[in-house]
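Worksheet for the structure shown next.
The values are calculated or read from the model by the stated rules, or taken from the named source; none is laboratory data. This one's a predicted model, so the numbers in the text were calculated from it and none came from an experiment. All Cβ positions, glycine included, derive from the backbone under ideal geometry; neighbour counts span all protein chains shown.
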There are 2 protein chains.
Amino acid sequence: MLKKKVKKKLEKIVGSENFLDSQQDLIVYSYDATPDYQAIPDAVIKPKDTQDVSEIVKVCNEYKVPIVPRGSATNLCAGTTPLEGGLVMVFNHMKDILEIDEENLTVTVQPGLITLDMIKAVEEKGLFYPPDPSSMKISTIAGNINECSGGLRGLKYGVTRDYVIGLEFVMPNGDVVKTGGKLAKDVAGYDLTRLMVGSEGTLGIITEATLKLIPIPETKKTMLALYDSLEAAGNTVSKIISNRIIPATLEFLDQPTIQVVEDFAKIGLPTEAGAILLIEQDGPAEVVERDIERMAEICNETGALSVQVAATPEEGESLTSARRSALSALARLKPTTILEDATVPRSKIAEMVREIETIAERNNVRICTFGHAGDGNLHPTCMTDARDKEEMHRVETAFEEIFAKAIELGGTITGEHGVGVMKSPYLSWKVGEAGVDAMYGIKQAFDPNNIMNPGKIFAKDTRKRVVVQQ
Amino acid sequence: MLKKKVKKKLEKIVGSENFLDSQQDLIVYSYDATPDYQAIPDAVIKPKDTQDVSEIVKVCNEYKVPIVPRGSATNLCAGTTPLEGGLVMVFNHMKDILEIDEENLTVTVQPGLITLDMIKAVEEKGLFYPPDPSSMKISTIAGNINECSGGLRGLKYGVTRDYVIGLEFVMPNGDVVKTGGKLAKDVAGYDLTRLMVGSEGTLGIITEATLKLIPIPETKKTMLALYDSLEAAGNTVSKIISNRIIPATLEFLDQPTIQVVEDFAKIGLPTEAGAILLIEQDGPAEVVERDIERMAEICNETGALSVQVAATPEEGESLTSARRSALSALARLKPTTILEDATVPRSKIAEMVREIETIAERNNVRICTFGHAGDGNLHPTCMTDARDKEEMHRVETAFEEIFAKAIELGGTITGEHGVGVMKSPYLSWKVGEAGVDAMYGIKQAFDPNNIMNPGKIFAKDTRKRVVVQQ
């Protein structure tokens with residue numbers, strides 16, 4: 001509960017219409033896309049500009065009130081759940097495109113802008129913002145920045161980090177910092193820009209961002225290859241790369257996923273296939289033609305059962321529907337769907353997927369795996385029921401084993417979703433205790449009162465999802 | 001002076017043959033490529049592995065002995081000058097390529113490896129490491145990482161930061177931290193990898209790095225365009241980009257530089273030309289042809305006096321010699337050459353170069369400007385004499401005015417050289433006092449005893465180069 005005095009100060013900053021604390025409002029903001037986490041905030045606040053954000057943060061810092069900055073809450077690691085109460089800050093009043101600069105190839109945006117709205121606006125001018133998280137239709141750009149969101153095009157084009165070149169953010173003491181700018185090169189001191197990217201709202205509040213754009217690829221072409229085994233699909237991936245071709249996307253579905261997708265979408269996938277690769281290339285027409293042709297050959301050479309190259313963009317779109325409908329298809333099977341993002345070097349994809357299957361079997365849980373084969377970013381997805389405590393314990397054990405295996409193979413616990421609460425017990429597996437200490441040192445230096453999204457990234461203990469929920 | 005006890009402990013770690021403290025050794029390591037800075041260290045130490053580095057750092061941390069990690073000391077901001085004494089750490093025993101992974105497109109290296117040696121090794125396998133700082137023939141890879149080195153290909157390919165995907169480094173307390181890996185995606189906690197990149201040796205010592213590689217471009221083509229004015233050249237740059245072409249390099253020389261280069265190299269440049277653009281495109285042959293043709297048209301449309309497209313790679317090389325010989329040509333004019341790297345949004349290039357000319361005139365100093373037009377990274381270069389205190393004051397004033405103007409135009413005080421000592425008084429101009437505070441918080445969290453390259457990045461006061469030297 002906020003003190004009356006604090007509420008009064010906050011209402012004075014934003015106006016009472018932008019300070020919500022009715023029970024129904026608080027419930028709306030009590031969860032994100034992560035199953036099984038919920039916590040009621042004390043209030044929801046809607047700043048109209050950077051000045052508002054700074055003043056709100058100063059009040060919160062003085063009275064030690066937690067602040068959870070929240071985009072559209074598509075977060076999958078409970079990163080935007082207000083676990084320690086306090087304010088949820090939303091950016092409905094700060095969602096403008098401030099400038100598209102066609103000479104410097106940048107777009108400057110406010111935090112609450114929907115990613116796809118920005119993408120559409122720059123594409124109208126022949127420009128391209130490559131990061132394409134699956135949530136981009138509803139996610140906000142500051143949410144993407146806070147999580148360093150990835151997407152299907154990471155292999156060729158990189159992730160959000162690679163496109164953020166300037167930031168304005170409010171420090172936990174209320175100071176406003178501006179970094180970078182419309183600059184391809186800037187080494188003035190530590191790289192605060194990239195430190196903020198992926199910091200999950202724990203170091204400050206992003207109030208403006210300048211993003212790098214590139215010319216939009218002239219053409220795109222899509223193909224789908226079927227395999228009887230994961231290993232064969234894995235060989236294709238390796239051989240494409242070792243032939244020095246970097247496709248725009250290189251996605252895969254494992255056998256259990258194919259089955260579920262076909263049951264759902266009825267698009268004629270052979271449900272007995274061991275794996276599917278969906279491959280896209282973009283760029284100048286000559287290069288796309290040549291790469292697609294060569295990749296089709298490679299698919300055949302490495303044992304694809306069939307290879308289908310889309311003749312038209314529409315046919316290409318329909319091929320990608322298999323991949324795009326994966327999560328929707330999986331989500332209808334059981335009440336709870338847990339989508340993870342363990343990531344390994346791309347050469348270890350087949351081994352990792354096999355291991356995931358073994359782990360699922362051993363723990364008697366149902367896990368389907370699909371994801372970004374080109375960059376080793378897997379999405380093992382568990383269909384379960386959060387109300388079944390006994391099963392949830394097995395699910396937790398299975399994911400723990402998956403994370404451990406990913407680390408063993410030179411991978412990471414999270415490729416694009418972030419640590420949040422959910423993976424905080426495993427962070428030291430990836431970066432070691434010394435790495436966590438270094439990160440925590442930064443957290444304390446920036447936010448000594450621990451008001452910025454507290455409870456995220458750094459584990460309070462080694463409690464698991466099921467314990468949190470009890 | 002090191003205490004006897006400290007010396008003994010350090011010698012025990014590395015062996016006496018790897019601990020140098022004779023006067024002649026110390027003089028060799030007392031300076032870097034920055035004019036007018038020199039300071040004698042207490043000793044030079046050569047670790048053989050990460051374990052050695054960790055043990056050395058622990059001793060230094062206990063006895064508060066400064067450590068300056070040093071590659072080949074091509075630094076241009078006095079970043080590797082041991083201004084507060086202590087140890088200079090060199091990596092002659094840690095300069096191996098540990099692995100080139102052709103499946104994951106990575107190279108894993110030790111810190112002391114010469115950049116060009118690594119580039120040649122990966123190019124033999126058809127792979128490409130784009131960052132190409134002018135010093136790459138002698139610079140080390142850890143030096144590049146510590147400075148986030150840029151180069152001529154920044155516009156199209158990015159800088160060192162964009163290719164470092166995994167690091168091992170020793171914290172100032174001796175802890176060894178490993179970040180990232182052979183991973184296109186990794187968001188496990190704060191981005192320590194990119195925090196270390198460009199941290200100028202002030203946060204820890206890099207002992208191993210994993211770098212991202214890409215397939216080597218199939219072909220390359222070069223052209224040279226002459227202009228009667230800077231503005232016309234600037235218009236070409238803008239129009240190329242707004243035509244959605246991103247060339248591999250887009251370099252320029254201003255009139256004073258052309259004059260000096262021609263005097264030096266006698267390659268037939270028209271010394272009355274107001275500016276030269278050197279343009280390269282790389283990639284698949286069809287695309288390179290098309291882009292070069294279109295860019296030649298644009299050069300003509302925007303008022304180039306002449307456009308020369310190289311018919312062969314050899315002719316291309318000879319065209320680039322004008323740009324490559326710029327620094328050598330300038331350096332022979334006067335005893336001291338100060339090469340700066342103020343950077344602006346690319347749309348502001350012409351305005352900035354004009355302003356530099358005005359500033360030089362006003363302060364009665366000789367400044368030639370060349371650099372990376374495509375990414376706005378200028379190299380205003382002053383020919384002077386460090387012994388002439390009165391002139392050096394004017395030089396300092398001129399550069400101060402140049403930095404201020406760069407900031408005013410939305411630019412930065414340093415695009416690729418780093419802050420070091422030389423630009424530390426100006427850091428707050430770029431990132432504000434709040435930004436410097438945030439950076440200093442990180443420094444204190446990592447290195448509370450201030451042993452790691454002390455005196456760099458953070459200004460002790462606002463003293464200038466000439467004052468330092470007195």
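Numbers for the structure displayed
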item: Residue tally, condition at the interface with another protein chain (Cβ under 7 Å from one of its Cβ atoms), at positive phi and either among the aliphatic types (A, V, I, L, M) or crowded, with 20+ Cβ neighbours inside 10 Å (or both), over region A:413-448; result: 1
item: Single unsatisfied condition, B:Lys120 versus (1) free of Cβ contacts under 8 Å to residues at least 24 places away in the same chain; (2) more than 19 Å from the chain's Cα centre (by Cα); (3) part of a loop (DSSP other than H, G, I, E, B); result: (3)
item: Number of the condition not met by B:His379 [criteria: (1) touching a residue at least 60 places away in the same chain (Cβ under 8 Å); (2) within 14 Å of chain A (Cβ to nearest Cβ)]; result: (1)
item: Residue selected from region B:330-347 under the condition assigned to a helix (DSSP H, G or I) and more than 23 Å from B:Met422 (Cβ to Cβ), by the criterion farthest from the other protein chains (Cβ to nearest Cβ); result: B:Arg346
item: Among the residues listed as B:Lys8, B:Lys46, the single one being at pLDDT 95 or above, more than 16 Å from B:Arg70 (Cα to Cα) and outside the structural domain of B:Thr381 (by TED's automatic domain parsing); result: B:Lys8
item: Positions within region B:136-164 being hydrophobic (A, V, I, L, M, F, W, C) and surrounded by fewer than 24 Cβ atoms within 10 Å (Cβ to Cβ), in sequence order; result: B:Met136, B:Ile138
item: Condition met for B:Glu361 (touching a residue at least 40 places away in the same chain (Cβ under 8 Å) and of a type in the set (Asp, Glu)); result: no
item: Residue match in region B:217-234 (condition: assigned to a helix (DSSP H, G or I), over 24 Å from the mean Cα position of the chain (by Cα) and among the polar types (S, T, N, Q)); result: no
item: Test: residue in region B:169-181 that is at pLDDT 95 or above, among the aliphatic types (A, V, I, L, M), touching a Ser or Thr at 6+ places or on another chain (Cβ under 6 Å) and surrounded by fewer than 22 Cβ atoms within 10 Å (Cβ to Cβ); result: yes
item: 3 or more residues within 24 Å of B:Leu152 (Cβ to Cβ) and not assigned by TED's automatic domain parsing to the domain that holds B:Leu277: qualifying helices (runs of 4 or more DSSP H) within region B:366-470; result: B:389-408
item: Conditions (1) touching a Ser or Thr at 6+ places or on another chain (Cβ under 8 Å); (2) more than 9 Å from chain A (Cβ to nearest Cβ): number failed by B:Phe399; result: (1)
item: Residue match in region A:300-321 (condition: in the same structural domain as A:Thr271 (by TED's automatic domain parsing), outside any strand (DSSP E or B) and within 21 Å of the chain's Cα centre (by Cα)); result: yes
item: So B:Ile40, is it of a type in the set (Val, Ile, Thr) and surrounded by 24 or more Cβ atoms within 10 Å (Cβ to Cβ); result: no
item: Some residue of region A:456-463 being buried (at least 22 other Cβ atoms within 10 Å of the Cβ), within 30 Å of B:Ala438 (Cβ to Cβ) and within 14 Å of chain B (Cβ to nearest Cβ); result: yes
item: Residue list for region B:161-171, restricted to those being at the interface with chain A (Cβ under 10 Å from one of its Cβ atoms), in contact with a strand residue (DSSP E or B) (Cβ under 7 Å, 6 or more places away or on another chain) and closer than 24 Å to B:Thr115 by Cβ; result: B:Gly166, B:Phe169, B:Val170
item: Residue within region B:109-118 that is surrounded by fewer than 23 Cβ atoms within 10 Å (Cβ to Cβ) and within 14 Å of chain A (Cβ to nearest Cβ) present; result: no
item: Residue tally, condition crowded, with 18+ Cβ neighbours inside 10 Å and assigned to a loop (DSSP other than H, G, I, E, B), over region B:251-273; result: 2
item: Number of positions in region B:134-160 that are at negative phi and within 11 Å of another protein chain (Cβ to nearest Cβ); result: 11
item: Selection count, region B:172-204, where residues are more than 7 Å from every other protein chain (Cβ to nearest Cβ), more than 16 Å from B:Ile442 (Cβ to Cβ) and not in a loop (DSSP other than H, G, I, E, B); result: 1
item: In region A:348-376, residue nearest to the other protein chains (Cβ to nearest Cβ) [restricted to those that are over 12 Å from A:Asp254 (Cα atoms) and buried (at least 24 other Cβ atoms within 10 Å of the Cβ)]; result: A:Asp375
item: Looking only at region B:289-328, and only at residues there that are among the polar types (S, T, N, Q) and in contact with a strand residue (DSSP E or B) (Cβ under 8 Å, 6 or more places away or on another chain), the one that is modelled with the lowest pLDDT; result: B:Thr320
item: Selection count where residues are free of Cβ contacts under 8 Å to residues at least 60 places away in the same chain and closer than 29 Å to B:Ala248 by Cα, scope region B:382-403; result: 1
item: B:Ala184 being farther than 26 Å from A:Asn104 by Cα, crowded, with 23+ Cβ neighbours inside 10 Å and at pLDDT below 95; result: yes
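Quick grid of which residues meet (1) more than 14 Å from every other protein chain (Cβ to nearest Cβ); (2) over 22 Å from B:Phe128 (Cα atoms); (3) touching a Ser or Thr at 6+ places or on another chain (Cβ under 8 Å):
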{"residue": "B:Ala209", "(1), (2), (3)": "yes, no, yes"}
{"residue": "B:Asp228", "(1), (2), (3)": "yes, yes, no"}
{"residue": "B:Ser242", "(1), (2), (3)": "no, yes, no"}
{"residue": "B:Ile246", "(1), (2), (3)": "no, no, no"}
{"residue": "B:Thr249", "(1), (2), (3)": "no, no, no"}
{"residue": "B:Ile258", "(1), (2), (3)": "yes, yes, yes"}
{"residue": "B:Gly268", "(1), (2), (3)": "yes, yes, no"}
{"residue": "B:Glu272", "(1), (2), (3)": "yes, yes, no"}
{"residue": "B:Gln281", "(1), (2), (3)": "no, no, no"}
